[in-house]
Amino acid sequence: MYSTIQGLHSYLAIAVLGLLFITVLNSLVGMSKKRPFLKKDKQIALIALAFSHTQFVLGMILLFTSPYYESVKASGMGAAMKDSTLRLYVVEHPLTNIIALTLITIGWSAHKKATDSTVKFKKIGYLYAIGLVLLLSRIPWSAWLN
């Protein structure tokens, strides 16, 4: 089960990063051209949000079924904080991704309250961009690129 979820989590990560990038780019273009916020803009942002949330759920399942989590249960959190690999997988990666997903969700919610198209694009563009940067900062690249 762990390896199946790990594979899904890895492949979905590529889709999430791509969708977030597309959403941010779409928002920045919409903002700079001062064009109206259309249904397609909303759909792009919503799809990125949905994929991000799905990725989060898979990540939480993966975390609690991983050998890293079992190691923390056996040796304690103090030992995990001293081991950089364990700390990345059990603390840094999940915590940073929760913060990123929170910002993405706030961007989605905030755009709904705005009435001006430029403000809608700003809310989505900036908050999704910060979320994307946070996600990119905590990807375990050494394991992902192997």
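Of all residues being of a type in the set (Lys, Arg) and in a helix (DSSP H, G or I) in the range 1-48, which is farthest from LEU132 (Cα to Cα)? Just the residue, please.
Only one residue fits best here, namely LYS39.
Of all residues in the range 55-87 being β-branched (Val, Ile, Thr) and free of Cβ contacts under 8 Å to residues at least 60 places away in the same chain, which is surrounded by the fewest Cβ atoms within 10 Å (Cβ to Cβ)?
VAL57
Condition check ((1) more than 24 Å from LYS33 (Cβ to Cβ); (2) touching a Cys at 6+ places or on another chain (Cβ under 8 Å); (3) surrounded by 15 or more Cβ atoms within 10 Å (Cβ to Cβ)) across all residues:
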site: THR105; (1), (2), (3): yes, no, yes
site: ALA110; (1), (2), (3): no, no, yes
site: THR115; (1), (2), (3): no, no, no
site: LYS122; (1), (2), (3): no, no, yes
site: TYR126; (1), (2), (3): no, no, yes
site: VAL133; (1), (2), (3): no, no, no
site: ARG138; (1), (2), (3): yes, no, yes
site: SER142; (1), (2), (3): yes, no, no
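Looking only at the range 88-146, how many residues end up being without any contact (Cβ under 8 Å) to a residue 40 or more places away in the chain, within 13 Å of the chain's Cα centre (by Cα) and not in a helix (DSSP H, G or I)?
So the count comes out to 0.
Residue check: is SER27 at pLDDT 95 or above, under 11 Å from the mean Cα position of the chain (by Cα) and not charged (D, E, K, R)?
no
Considering TYR68, TYR11, TYR2, which residue is over 21 Å from ALA100 (Cβ atoms) and of a type in the set (Phe, Trp, Tyr)?
Result of the check over TYR68, TYR11, TYR2: TYR2.
The values are calculated or read from the model by the stated rules, or taken from the named source; none is laboratory data. Nothing here was measured: the structure is a model prediction, and the numbers come from that model. Glycine gets a Cβ as well: all are built from the backbone with ideal geometry, and neighbour counts include every protein chain shown.
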